[in-house]
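The values are calculated or read from the model by the stated rules, or taken from the named source; none is laboratory data. Nothing here was measured: the structure is a model prediction, and the numbers come from that model. Because the Cβ atoms are built from the backbone with ideal geometry, glycine has one as well, and the counts that use them run over all protein chains shown. SASA here: full protein model, heavy atoms, side chains in, ligands and nucleic acids out. Shrake-Rupley method; radii C 1.70, N 1.55, O 1.52, S 1.80 Å.
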Amino acid sequence: LTSSDATYTFAGQDTSGKVRIVAATGCKIKLASGFKLDLTKFTYYSANDAPKASPISLSTTDTVSVEALGAADLRAGNGGAGIRVTEGQSLILLPSSTSRMFVLGNVGAGIGGGYSENCGNIEIRGGQLYAQSLGDGSGIGDGGNAHAASYYSKITIGMSAHVEALGSANGPGIGMTSYSVSYMDILITGGATVVASGGGRSAGIGVAWRSEG
């Protein structure tokens with residue numbers, strides 16, 4: 001997608017494939033109501049291949065904005081994040097006021113790093129978001145088995161957003177996973193409502209068992 005002045009909308013349901021968007025800086029990406037990608041049966045066991053199991057994966061250090069116009073359902077395959085945003089990358093998620101998004105990570109975060117990856121900068125502006133991880137990932141934040149981070153990351157939830165985040169076995173609802181050493185700010189502002197639950201011995205918001213930050 002080469003035009004920075006156009007708005008691109010993706011619609012439909014696909015339970016077997018993956019969308020890869022290569023966009024110029026300034027492109028506006030929208031997910032139409034009912035957009036669905038389910039890769040939960042899409043299996044990778046190699047850490048190097050893990051990002052391939054993410055329904056949406058950023059591949060640029062430019063800030064990317066994604067708008068959800070209605071219900072959206074993104075479910076990762078093994079090792080993937082629902083929306084993969086790794087350290088050094090930035091995502092602004094813009095759900096509409098009536099949008100209800102569900103994102104599921106599978107060893108990776110619901111939104112954030114895939115398997116063995118730290119998260120980047122994530123900003124959620126409004127709407128209703130349900131983020132969950134299976135297998136050591138955080139609902140929003142680091143993926144399972146994340147390493148020592150090289151970048152300072154920030155997670156911001158605002159503009160009256162309602163966010164529910166659920167971590168898995170050793171992952172927090174929002175934050176750092178087990179054994180991770182991260183540099184992360186978590187900011188909840190602008191009338192946002194957050195319900196966050198950690199799995200195992202992890203915090204709802206903050207650190208996991210044996211993580212530092």
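Of all DSSP beta bridges confined to the range 73-140, the antiparallel ones make up roughly 5%. For the listed peptides 196-205, 164-173, 32-41, a ranking on the average number of other beta carbons within 10 Å per residue, highest first, reads 164-173, 196-205, 32-41.
Label-to-label distance, residue 61 versus residue 40, with points set 7 angstrom from Cα along the beta-carbon direction: 3.7 nm. Evaluated at q = 0.18, 0.23 Å⁻¹, the base-10 log of the normalised Debye intensity for the range 78-157, with identical point scatterers placed on the Cα atoms, takes the values -0.60, -0.92.
When you restrict to C-alpha pairs under 8 Å that are six or more residues apart and normalise by the size of the range 90-134, the relative contact order lands at 53 percent. Only Lys, Arg, Asp and Glu carry charge here, each on its Cβ (+1 for the first two, -1 for the last two); on that basis the range 71-137 has a dipole of about 220 debye about its Cα centre. Think of each Lys and Arg Cβ as +1 and each Asp and Glu Cβ as -1; about the Cα centre, that makes the dipole of the range 57-213 roughly 220 debye. When each of the peptides 56-66, 136-146 is scored by the mean number of other C-beta atoms lying within 10 Å of its residues, the order from highest to lowest reads 136-146, 56-66. Which residues in the range 88-103 place their backbone N less than 18 Å from a point set 7 Å from the Cα of residue 185 along the Cα-to-Cβ direction? Once the point is set 7 Å along Cα→Cβ of residue 185, 88-93 turn out to lie under 18 Å by backbone N, inside the range 88-103.
Which three numbers, in whole Å and largest first, are the semi-axes of the equivalent ellipsoid of the range 156-213 derived from its Cα gyration tensor as √(5λ)? Don't skip to the end; give the middle numbers.
Details: eigenvalues 91, 33, 6 Å².
Taking √(5λ) for each eigenvalue gives 21, 13, 6 Å, largest first.
Surface exposure of the range 137-213, expressed per residue as accessible area with a 1.4 Å probe, stands at 42 Å².
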